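Here is the structure we will look at, set down as structure tokens.
Every number here is computed from the coordinates shown, using simple stated rules; none is lab data. Treat the numbers as computed from the prediction; the structure is a model and nothing was measured. Positions of Cβ are generated from backbone atoms using ideal geometry, with glycine treated the same way; all protein chains shown enter the neighbour counts.
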Amino acid sequence: MFVNDLNLKTAPLEGEVRIPSGCAVSAIIDRSGKRMTGESIIRSIATMHDRSNGLGGGFAGYGIYPDYKEYYAFHLFYNDFSAKKETEDFLIKHFEVVYSSEMKTRKIKSISNEPLIYRYFLYPLSKRLANSLLDEEQYVVRCVNKINAEINGAFVFSSGKNMGIFKGVGFPEDIGKFYLLDEEYAGYCWTSHGRYPTNTPGWWGGAHPFGLLDYSIVHNGEISSYDANRRYIEMFGYKCSLQTDTEVITYIIDYLLRVKKLTLQEVAKVISASFWSTIEEKSEEDRRQETFLRKAFPSLLVTGPFSIIFGFTGGLMALNDRLKLRSMVCAEKGDVAYVSSEECGIRVIEPDVEKIFAPAGGQPVIYTLKEGGED
Amino acid sequence: MDTYIPAEYEVVRNPDLCIACRVCERQCANEVHSYDKDLGKMIADSGKCVNCHRCVCLCPTHALKIVKSDDTYRLNSNWSVQTMNEVYRQANSGGVLLSSMGNPNDYPVYFNKILVNASQVTNPPIDPLREPMETQVFLGKKDVEIKRDMEGKLVDTLPPQLKLKYPIMFSAMSYGSISYNAHESLARAAEELGIYYNTGEGGLHKDFYKYSKNTIVQVASGRFGVHEDYLSAAAAIEIKMGQGAKPGIGGHLPGMKISDDVSQTRMIPKGVDAISPAPHHDIYSIEDLRQLIYSLKEATAYTKPIIVKVAAVHNVAAIASGIARSGADIIAIDGFRGGTGAAPTRIRDNVGIPIELALAQVDERLRQEGIRDNVSVVVAGSIHSSADVVKAIALGADACYIGTAALLALGCHLCRSCHLGKCNWGIATQRADLVRRLNPDIGYKRLVNLVTAWGHEIQEMMGGMGINSIEALRGNRLMLRGVGLNESELRILGIHHAGESM
């Protein structure tokens, strides 16, 4: 699938082996809901060029499809037209396809071997949905998994409503321009990722962000708890087929938020739990809550270095590992908030921030749209 | 002694060093050493020697050593000396052969064929001397519903848990099989370490109720010493269904080990063999086990976790799955190398499977069925070192039980003669003069030292892997690699071979 010249089918693909990566991440959100093009986020991530090595870059934009916000926006990579045909047959059987088209891209010198890239706006067929006995989101996830696992040469890389993931093999700034994020799209929140894998995967689907419905994750790090987390979360029906940190962290957050109905703050206290010695010093109430979370979800503690930006409809959460083994800086100016691996990624787009700080390890920073802010 | 069987070990005394102080004579309950007045020197009857090394360790001039006798039968690769001697012994006695401690035979030790990972470059190792490195673990059922109070705060809905400062506990060893002083050492060490010791099936001596918050009490098929106070005192209750050293059979405490105190504690007559049945006669199937689990929970008002201990046998994964659905909070699995105070030799040496394989299969099966959260898994059966603890946890265990290693800390030299009741180290005996030799003030400190030392080593190995909480190591099999294992073994262990990447 989507092999580029680099590996000539000799190096293993994402999902066949586990490929640790170093990375850069950055994000911007306008809490007033005002929409901006992808131009700023591209400049932000481009400044941290040296944190990527040209083997993966990507973006997630929220609020970018206001005209189709009721519909699931599927972004697909195809190897060839037969995969496209097979997938579209599947989509028609399961969804009402409201609009579909090839994704508009711009030819960039450094981007080669791009797959066929298509976009669909979809709604589950009501009868199919009812017969499945699943709720709507589960139904969509099930369909996405089925395409990704069973249709050779097809990969759904974005499936949320009024949001979209754009990614590929290349430096992130080139990927951003390739997808015309600076011209074609405007959203209230953008996250971005530049990848520095310690291997040579050339698969477009393997780039980040990783998405699950409207959730997206960009991550910098290499977690040491990977297999403990993976083997635990797979008990609940998730399948970690890409074998990446990003994938498993997305599933963990999805499980805790959607299934267990924890708050974002609580999720942070599970995956980036305070040390027992720190918990001891907290107030009675906090101690009780955090002790319970650690006792109830010990296998979802994530150790080893990471800085993640978790995007969702209406906001984002930035979170470091408990020891803060990866850099991450947050800043604010007016309604706009910034997160970046390095301060330069913020200063380049807003030299004059009002508040800038490096969140402590395990300290979640959550920015959401203000009351009345559009999503 | 059987006249057909020559002494296996030889007592060698250096006459230049021996000062005939007769310490060896006084120390040897087997009456190996004696002073020959006519010869004016110490002599030894090697035939009685069990090679417990008590005399060697206490000889003030280091004049003694015990060596393997070089006496030999006609060499035979088919009939080993051991096998021949066992035939002689049975021809002489007409009885079942008895042995003590774990299976000593040359079966594979899988822990020794597993290697652990460490961080290099792409993620940093963590230094336990400078950063927190958490070894604390909670045992018990984790599978709970999230509930909130009126203010939206989370409510602690977890069933009772055991809190361990280290992922290590002392295995079940009954009062009777081991001495009062050995029990006191274990109890005090558990208290100081913030872990637990286990009474075994022999009841809880009245003096040790004060350590009850660090005590796991056992309910075995003989129900020795089980009464209301015993159950209510405990931190947790363990139902012993089986033991790694002797799967499929009950226990046997020889009458000579049943002293006044042991008799009272066990609530059985003095001096009469205490034989616990092979099955629990109220448990002939899994649904019966569920009834006993809930009987014990009812009896203790659902305030204590219930552990079910089973021997590692061929179908252990399915058995564990059944137990996990029966209301148990913790499953303890005891591998075929596990120790004992007395077991029929044939059973000990031929029944059961290695704990590494049993653990890997149990953990995997519980995950496949989505019920790993129903129970914690504790493993036992020859955990030799902190490295074994790390490997066991990475394979999927929540914690380990140590028995033999704990006895070694108390001075045991693995002479494997516990069933004779004449332990020169004061551990596996009830003879007052021998028991006195084990000073609990020293014994408990040595146990504390051992577990603390292992704790440091576990932290070092975790830190090397970039893991700063033991919770993130549990079931983290990518941190393990096999060496010299075949495909089946790797598949069963669920690990890659060394040299294969992540």
Contact order relative to length of chain A, as percent, for alpha carbon pairs under 8 angstrom and 6 or more apart = 26 percent
Charge sum, other residues only, whose C-beta stays under 12 Å from A:ILE175's C-beta, Lys/Arg counted +1 and Asp/Glu -1 = 0
Taking Lys and Arg as +1 and Asp and Glu as -1, residues besides B:TRP454 with C-beta under 11 Å from its C-beta add up to -3
State, to one decimal in nm, how far the label point of A:ASN113 lies from the label point of B:GLU500, with both points 7 Å from Cα in the Cβ direction.
-> 2.6 nm
With runs of 4+ DSSP H residues as the only contributors, calculate the mean residue ellipticity of the protein assembly as shown at 222 nm using -39,500 (n - 2.57) per run, divided by the residue total and rounded to the nearest 500.
-> -8000 deg cm²/dmol
Label the range A:53-175 by shape, choosing from rounded, prolate and oblate, from the square roots a ≥ b ≥ c of the eigenvalues of the Cα gyration tensor; if a/c is under 1.5 it is rounded, and otherwise prolate applies when a/b is larger than b/c, oblate when it is not.
-> prolate
Label-point separation, A:ASP80 to B:LEU17 (7 Å along Cα→Cβ), nm = 8.1 nm
Full extension from B:GLU131 to B:MET150: what is 0.36 nm times the residue separation minus their Cα-Cα distance, to one decimal in nm?
-> 3.0 nm
Where is the GNM fluctuation largest for chain A (alpha-carbon springs, 10 angstrom cutoff): A:ILE223, A:ILE92, A:ILE151?
-> A:ILE92
Sort all Cα-Cα distances of the range B:9-95 into consecutive 5 angstrom bins from zero, then give the percent of pairs in each bin up to the one containing the longest distance.
-> 3, 13, 20, 20, 14, 11, 10, 8, 2, 0
All-pairs Cα distance distribution in chain A, expressed in whole percent, bin size 20 Å | 31, 61, 9, 0
Apply the Kirkwood formula to chain B: the hydrodynamic radius equals the inverse of the mean of 1/r over all pairs of different alpha-carbon atoms; give it in Å with one decimal.
-> 24.1 Å
Distance from the Cα centre of the range B:4-82 to that of the range B:132-154, in angstrom?
-> 58 Å
Once a ≥ b ≥ c are taken as the square roots of the eigenvalues of the Cα gyration tensor of the range B:294-341, is the result rounded (a/c under 1.5), prolate (a/b larger than b/c) or oblate (a/b not larger than b/c)?
-> oblate
How far apart, in nm, are two points set 7 Å out from the Cα along the Cα-to-Cβ line at B:TYR9 and at B:LYS48?
-> 1.5 nm
Out of A:ARG43, A:ARG288, A:ARG31, a Gaussian network model of chain A with alpha-carbon springs under 10 Å gives the largest mean-square fluctuation to A:ARG288
A:GLN138 to B:ALA278: FRET efficiency via 1/(1 + (r/R0)^6), r the Cβ-Cβ distance, R0 41 Å, to the nearest 0.05?
-> 0.25
For B:HIS496, B:HIS53, ascending order of other Cβ atoms within 10 Å (fewest first) is B:HIS496, B:HIS53
Most fluctuating residue given options A:GLY153, A:GLY38, A:GLY334, as computed from a GNM of chain A linking Cα atoms under 10 Å | A:GLY334
Partner lysines for B:LYS141 [C-alpha distance under 17 Å; skip if fewer than 8 residues away on the same chain] | A:LYS260, A:LYS295, B:LYS163, B:LYS297, B:LYS304, B:LYS309
For the A:LYS370, B:LEU158 Cβ pair and Förster radius 30 Å, calculated FRET efficiency rounded to 0.05 is 0.20
With the radius of gyration and the Kirkwood radius both derived from the Cα set of the protein assembly as shown, what is their ratio Rg to Rh?
-> 1.07
Roughly how compact is the range B:116-218, stated as its Cα Rg over 2.2 N^0.38 Å to two decimals?
-> 1.49
Which parts of the range A:227-270 would a label at A:ASN145 reach, counting a residue when its backbone N lies under 11 Å from a point 7 Å out along Cα-to-Cβ?
-> A:234-241
Under the Karplus relation with 6.51, -1.76 and 1.60 and θ = phi - 60°, whole-Hz ³J(HN,Hα) for the range B:117-131, x at Gly and Pro, equal 7, 8, 7, 9, 6, 6, 9, x, x, 10, 8, x, 6, 10, 10
FRET E, pair B:ASP143, B:LYS210, Förster distance 30 Å, beta-carbon r, rounded to 0.05 = 0.30
